[in-house]
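The values are calculated or read from the model by the stated rules, or taken from the named source; none is laboratory data. None of these values were measured; they are calculated from a predicted model. All Cβ positions, glycine included, derive from the backbone under ideal geometry; neighbour counts span all protein chains shown.
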Amino acid sequence: MLTAAPIDAERKATGRRRKRGKLLPKPEKIYDSKRYPWHSAELTLYGRATTVDYKALQAQWYRGAGDRVGRVVIVHCEQGAISMRAFFCTDAERSALDVLTTYAGRWSIEVLFRDLKQQLGFADSSARKQAAVERVAPFVAFAYTLLVLWFADTIWTTPLAAPPIRPWYTHKRHACFADVLRAAQRVLVRIDVLDPARGYANLRPLARPLRQPAATALDRAA
C-alpha cells in the first residue's frame with residue numbers, strides 16, 4: 001500500500017504530525033493512469049542496450065519502510081507474461097534510471113553466490129568453529145577470483161576452454177563459471193597433488209619479490 005509523503009498543510013491544529021500521507025493508487029492503477037506521465041530512456045541492463053518506458057514518483061511504503069519516503073519506479077515490460085514491474089527504493093534522492101541500473105547490477109552478485117555455493121561447495125561447508133567459519137567464505141571467494149583471472153588471462157583461447165557439445169544448447173555464446181571450472185579440472189587431472197615433491201618445502205623460491213619496498217626519505221636523500 002503506497003501513500004503520499006505527509007506535508008505540513010495536512011497537520012491538524014493539535015497533535016503530532018501524521019506519519020502517513022494520503023492513500024495513493026496501487027501500482028497497477030498508476031500504470032494505467034494518465035495522471036502519471038510515461039518517460040523513455042536508453043539503458044544498459046544485463047549487458048544489453050535496452051529502451052525502457054517507465055513512470056516514477058515519490059511515495060511511502062509504510063509496512064516495508066516505515067515513514068521513510070522512497071522512490072517508486074513502474075516499468076512497462078514488452079516481453080514475458082507480466083506487462084509491468086514495480087520497484088521501490090528507500091532512497092528518494094536516487095533517480096529512476098539509477099534504481100533500474102542498480103537493480104540490474106544485482107544479478108551478477110546473485111550469480112556469484114550461486115556459483116560459490118553450487119560449483120565450489122560453499123553451501124556444504126562443515127566448518128563449526130568461529131575461526132573456521134570466518135575463513136571459509138574468504139577462501140572460497142579467493143579461489144573463485146583466482147580461477148576466473150586464470151581463465152581470462154590465456155586459457156579461454158585454448159582447447160582447454162572448449163565447452164562440451166550439447167545439441168540442445170546451440171545458442172550458448174559465452175563462458176560461464178562451469179566452463180572455467182571444467183578447464184581447471186582438465187589441467188589438474190594430470191597433476192598428482194599428493195606427490196611429496198609438490199610439498200610446501202619444495203616450492204621454488206621466487207626469482208624476485210612480488211612487490212619492491214617503497215623508498216624511504218633517507219634512501220632518496222642518499
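Please work out which residue is farthest from A175 (Cα to Cα), limiting yourself to the range 115-125 and to residues that are over 13 Å from the mean Cα position of the chain (by Cα) and assigned to a helix (DSSP H, G or I).
Step one: list which residues in the range 115-125 are over 13 Å from the mean Cα position of the chain (by Cα), which gives 116-125.
Remaining after also requiring assigned to a helix (DSSP H, G or I): 116-118, 122-124.
Numbers: L116: 16, K117: 18, Q118: 17, F122: 21, A123: 23, D124: 25 Å.
Of everything passing the filter in the range 115-125, D124 is farthest from A175 (Cα to Cα).
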Q.
When you check A65 against the structure, is it closer than 24 Å to G21 by Cβ, touching a residue at least 24 places away in the same chain (Cβ under 8 Å) and touching a Gly at 6+ places or on another chain (Cβ under 9 Å), yes or no?
A. no
Those residues of the range 135-157 that are more than 20 Å from the chain's Cα centre (by Cα), surrounded by 11 or more Cβ atoms within 10 Å (Cβ to Cβ) and of a type outside the set (A, V, I, L, M, F, W, C) come to a total of 1
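Among the residues that make up the range 8-31, is at least one of them in a strand (DSSP E or B), surrounded by 13 or more Cβ atoms within 10 Å (Cβ to Cβ) and among the β-branched types (V, I, T)? Outline the logic, then answer.
Our first condition is that a residue be in a strand (DSSP E or B); within the range 8-31, this holds for 23.
Next, only the ones that are surrounded by 13 or more Cβ atoms within 10 Å (Cβ to Cβ) stay: none.
Among the residues of the range 8-31, not one is in a strand (DSSP E or B), surrounded by 13 or more Cβ atoms within 10 Å (Cβ to Cβ) and among the β-branched types (V, I, T), which makes the answer no.
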Within the range 115-134, the residues that are surrounded by 13 or more Cβ atoms within 10 Å (Cβ to Cβ) and of a type in the set (D, E, K, R) are D115, K117
Considering the range 122-178, residues that are of a type outside the set (A, V, I, L, M) and touching a helix residue (DSSP H, G or I) at 6+ places or on another chain (Cβ under 7 Å), and then whichever is farthest from I109 (Cα to Cα), we arrive at P163
Note on the range 169-180: residues surrounded by 10 or more Cβ atoms within 10 Å (Cβ to Cβ), outside any helix (DSSP H, G or I) and within 21 Å of the chain's Cα centre (by Cα) are A175, C176
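Can you pull out the residues in the range 127-168 that are part of a helix (DSSP H, G or I) and either of a type in the set (D, E, K, R) or touching a Ser or Thr at 6+ places or on another chain (Cβ under 9 Å) (or both)? If you could, list the steps in order and put the result at the bottom.
Within the range 127-168, the first condition is being part of a helix (DSSP H, G or I), and the residues that meet it are 130-153, 155-157, 159-161.
Those that are part of a helix (DSSP H, G or I) and either of a type in the set (D, E, K, R) or touching a Ser or Thr at 6+ places or on another chain (Cβ under 9 Å) (or both): A132, V133, E134, R135, V136, A137, V140, D153.
Among the residues of the range 103-133, write down those that are polar (S, T, N, Q) and closer than 25 Å to F88 by Cα. Explain how you work it out, then say what you get.
Residues of the range 103-133 that are polar (S, T, N, Q), as a first pass: 108, 118-119, 125-126, 130.
Residue satisfying the conditions is S108 alone.
Considering D219, D192, which residue is modelled with pLDDT under 90, assigned to a loop (DSSP other than H, G, I, E, B) and more than 24 Å from G47 (Cα to Cα)?
Working: D219 fails: assigned to a loop (DSSP other than H, G, I, E, B).
One residue alone meets the criteria, D192.
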Does the range 113-128 contain at least one residue that is in contact (Cβ under 8 Å) with a residue 60 or more places away in the chain, closer than 23 Å to A183 by Cβ and not hydrophobic (A, V, I, L, M, F, W, C)?
-> yes
* Is it true that some residue in the range 61-78 is of a type outside the set (G, A, S) and closer than 30 Å to T145 by Cβ? -> no
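May I ask you to verify whether K12 is over 33 Å from the mean Cα position of the chain (by Cα) and modelled with pLDDT of 75 or more? Before you say what the answer is, go through the steps one by one.
On the way: over 33 Å from the mean Cα position of the chain (by Cα): yes; modelled with pLDDT of 75 or more: no.
Criteria not met by K12.
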